[in-house]
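A short write-up of the structure that comes next.
The values are calculated or read from the model by the stated rules, or taken from the named source; none is laboratory data. Everything numeric here is computed off the predicted structure, so don't read it as measured data. Using ideal geometry, Cβ is built from the backbone for each residue, glycine included, and neighbour counts are taken over all protein chains shown.
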Amino acid sequence: MQSAVLVGCGAMSKAWFEAVRTIGDIEIVGVVDLAAERAQARIAEFGLTSANASSDLAATLAGTKPDLLFDIVVPAARHATVAAGLAAGCHVLSEKPMAETMNEARDLVHRAEAAGRIHAIVQNRRYLAQIRRIRRLIQSGAIGEVTSLHCDFFLAPHFGGFREEMRHVLFLDMAIHTFDAARFLADDAADAVYAREWEPSNSWYAQGSSAAAIFEFSNGAIFTYRGSWCADGMRTSWESGWRIIGSKGSIVWDGHDDIRAEAVTSGKDGLFSGVTAVEIPPLDTSDRVGGHLGVMQDFIAATRGGPRPETAGKENIKSLAMVFGAIDSAESGRRVEITF
């Protein structure tokens with residue numbers, strides 16, 4: 001049985017409490033929130049009779065000495081929260097984004113390595129069954145070498161609150177999901193980007209609701225992203241609409257359940273090479289799925305001697321670097337080399 005402290009009791013925390021309950025063999029000994037009464041409400045909601053509510057993370061860590069820290073705080077508090085958990089000897093699982101700046105992200109990677117602890121991030125979109133099936137198809141070689149990936153993300157949500165006041169709202173708050181998925185499918189890291197942001201006349205956001213970016217991967221593949229959070233009508237999936245082009249064929253995914261692929265066959269049909277439909281492989285028992293639950297299961301397994309999680313900080317920083325690279329490019333109006 002491992003002990004855990006959970007910090008941050010906003011709306012997102014419910015999925016974490018439910019995942020912990022599903023996994024089992026984890027005792028939540030402390031729940032922390034700036035409003036202690038909110039922590040107490042979560043304790044009552046999930047029947048955590050052995051957990052203490054608090055607004056003081058340092059005191060809770062010192063008093064309970066947990067094995068794990070579950071970090072669901074706002075991004076501005078992430079660095080201090082993770083640093084405190086690592087210093088207390090905890091393995092830490094954080095909500096995205098990994099950090100507010102690249103320097104903070106690099107510092108957390110160093111702190112985790114120095115402490116000999118795991119710091120992983122909930123990058124839950126790569127745990128979608130459809131993403132896993134597409135990755136398996138790419139790895140089979142059916143469409144050859146991936147030469148480009150293209151994504152469209154067009155929605156018009158009226159969130160209200162902080163998002164509508166954020167700068168770079170699309171890149172900062174949403175695009176990392178698509179960027180991380182592209183990096184996962186390309187099996188590579190981006191090393192350069194050119195990006196633009198703009199605000200349509202109908203926008204209800206402060207800045208950065210619409211954007212486009214062209215990423216260059218180190219293996220030569222190109223990833224293009226087009227998106228908007230004020231595009232009414234003809235909505236895409238929250239996971240974007242995808243086209244992945246390989247040297248021998250293509251994959252199209254609508255972001256829901258419709259995945260299609262065609263590969264080149266011998267001979268030509270007039271101007272074009274002949275193609276035939278390719279069967280999309282089913283999930284394998286080794287495929288990691290389950291959204292928040294899947295990420296948490298990998299994290300827990302790693303803390304018990306299993307393989308390092310896919311979303312460990314040392315890897316996830318490569319996705320975060322795509323976000324900050326795109327923002328830097330949009331602000332400067334130039335192609336930016338991505339470093340992490």
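Say whether the condition of being in contact (Cβ under 8 Å) with a residue 12 or more places away in the chain, farther than 15 Å from Ile134 by Cβ and aromatic (Phe, Trp, Tyr) is met by at least one residue in region 268-278.
no
Has region 30-39 got any residue that is crowded, with 21+ Cβ neighbours inside 10 Å and in a helix (DSSP H, G or I)?
Applying the first criterion (crowded, with 21+ Cβ neighbours inside 10 Å) to region 30-39 yields 30-33, 39.
So of that shortlist, the ones also in a helix (DSSP H, G or I) come out as 39.
Taking every residue of region 30-39 in turn, at least one turns out to be crowded, with 21+ Cβ neighbours inside 10 Å and in a helix (DSSP H, G or I).
Determine whether Val264 is among the aliphatic types (A, V, I, L, M), at pLDDT below 95 and assigned to a strand (DSSP E or B). Show your work before the answer.
Details: among the aliphatic types (A, V, I, L, M): yes; at pLDDT below 95: yes; assigned to a strand (DSSP E or B): yes.
Judged against the criteria, Val264 is a match.
So for region 5-13 (the condition being touching a Phe, Trp or Tyr at 6+ places or on another chain (Cβ under 6 Å) and at pLDDT 90 or above), does at least one residue qualify? Quick ask: steps written out before the conclusion?
Start the filter on region 5-13 by keeping residues that are touching a Phe, Trp or Tyr at 6+ places or on another chain (Cβ under 6 Å), which leaves 6.
In the following step, the residues that additionally are at pLDDT 90 or above were identified as 6.
Yes: one or more hits.
Looking at (1) surrounded by 19 or more Cβ atoms within 10 Å (Cβ to Cβ); (2) more than 26 Å from Met166 (Cα to Cα); (3) in contact with a Ser or Thr (Cβ under 7 Å, 6 or more places away or on another chain); (4) of a type outside the set (A, V, I, L, M), can you tell me which one Trp242 breaks?
Result: Trp242 passes all but (3).
Any residue at all in region 317-328 that is within 18 Å of the chain's Cα centre (by Cα), closer than 30 Å to Gly24 by Cα and not hydroxyl-bearing (Ser, Thr, Tyr)?
Among the residues of region 317-328, at least one is within 18 Å of the chain's Cα centre (by Cα), closer than 30 Å to Gly24 by Cα and not hydroxyl-bearing (Ser, Thr, Tyr), which makes the answer yes.
Do we have any residue at all in region 49-61 that's under 20 Å from Glu310 (Cβ atoms), touching a residue at least 24 places away in the same chain (Cβ under 8 Å) and not acidic (Asp, Glu)?
Of region 49-61, the ones under 20 Å from Glu310 (Cβ atoms) are none.
Checked region 49-61: no residue is under 20 Å from Glu310 (Cβ atoms), touching a residue at least 24 places away in the same chain (Cβ under 8 Å) and not acidic (Asp, Glu).
Would you check which residues across region 139-197 are touching a Leu at 6+ places or on another chain (Cβ under 8 Å) and more than 19 Å from Ser237 (Cβ to Cβ) and list them?
Scanning region 139-197 gives Ile143, Val146, Met166, Ala186, Glu197.
Do we find a residue being polar (S, T, N, Q) and either crowded, with 17+ Cβ neighbours inside 10 Å or within 22 Å of Thr178 (Cβ to Cβ) (or both) anywhere in region 260-279?
Taking region 260-279 as the starting set, the residues that turn out to be polar (S, T, N, Q) are 265-266, 273, 276.
Subsequent filtering for residues that are either crowded, with 17+ Cβ neighbours inside 10 Å or within 22 Å of Thr178 (Cβ to Cβ) (or both) retains none.
Taking every residue of region 260-279 in turn, none turns out to be polar (S, T, N, Q) and either crowded, with 17+ Cβ neighbours inside 10 Å or within 22 Å of Thr178 (Cβ to Cβ) (or both).
Report whether or not Asp152 is surrounded by fewer than 18 Cβ atoms within 10 Å (Cβ to Cβ) and at pLDDT 95 or above. Before the answer, list the steps.
Values: surrounded by fewer than 18 Cβ atoms within 10 Å (Cβ to Cβ): no; at pLDDT 95 or above: yes.
So Asp152 does not fit the description; no.
Given the residues Ile245, Ile280, which is the only one that is under 23 Å from Phe223 (Cβ atoms), in the same structural domain as Ala212 (by TED's automatic domain parsing), more than 16 Å from the chain's Cα centre (by Cα) and not in a strand (DSSP E or B)? Can you show your working first?
Details: Ile245 fails: not in a strand (DSSP E or B).
Going through Ile245, Ile280 in turn, the sole match is Ile280.
Go through region 78-108 residue by residue and tally those that are out of contact with any Phe, Trp or Tyr (no Cβ under 9 Å at 6 or more places or on another chain) and either assigned by TED's automatic domain parsing to the domain that holds Phe171 or over 17 Å from Lys65 (Cα atoms) (or both).
Adding up the residues that qualify gives 12.
So Phe179 passes all but one of these: (1) aromatic (Phe, Trp, Tyr); (2) more than 30 Å from Ala302 (Cβ to Cβ); (3) within 17 Å of the chain's Cα centre (by Cα). Which condition number does it fail?
Exception for Phe179: condition (2).
With (1) surrounded by 20 or more Cβ atoms within 10 Å (Cβ to Cβ); (2) part of a helix (DSSP H, G or I); (3) touching a residue at least 60 places away in the same chain (Cβ under 8 Å) as the list, and Leu170 as the residue in question, which single condition is left unmet?
Tallying (1) surrounded by 20 or more Cβ atoms within 10 Å (Cβ to Cβ); (2) part of a helix (DSSP H, G or I); (3) touching a residue at least 60 places away in the same chain (Cβ under 8 Å), Leu170 fails exactly one: (3).
Tally time: how many residues in region 173-206 are of a type outside the set (Gly, Ala, Ser), surrounded by 17 or more Cβ atoms within 10 Å (Cβ to Cβ) and assigned to a loop (DSSP other than H, G, I, E, B)?
The number of residues fulfilling the criteria is 2.
Scan region 329-340 for residues that are in a helix (DSSP H, G or I) and surrounded by fewer than 17 Cβ atoms within 10 Å (Cβ to Cβ) and jot them down.
Pass one, region 329-340, residues in a helix (DSSP H, G or I): 329-332.
Hits for region 329-340 are Glu331, Ser332.
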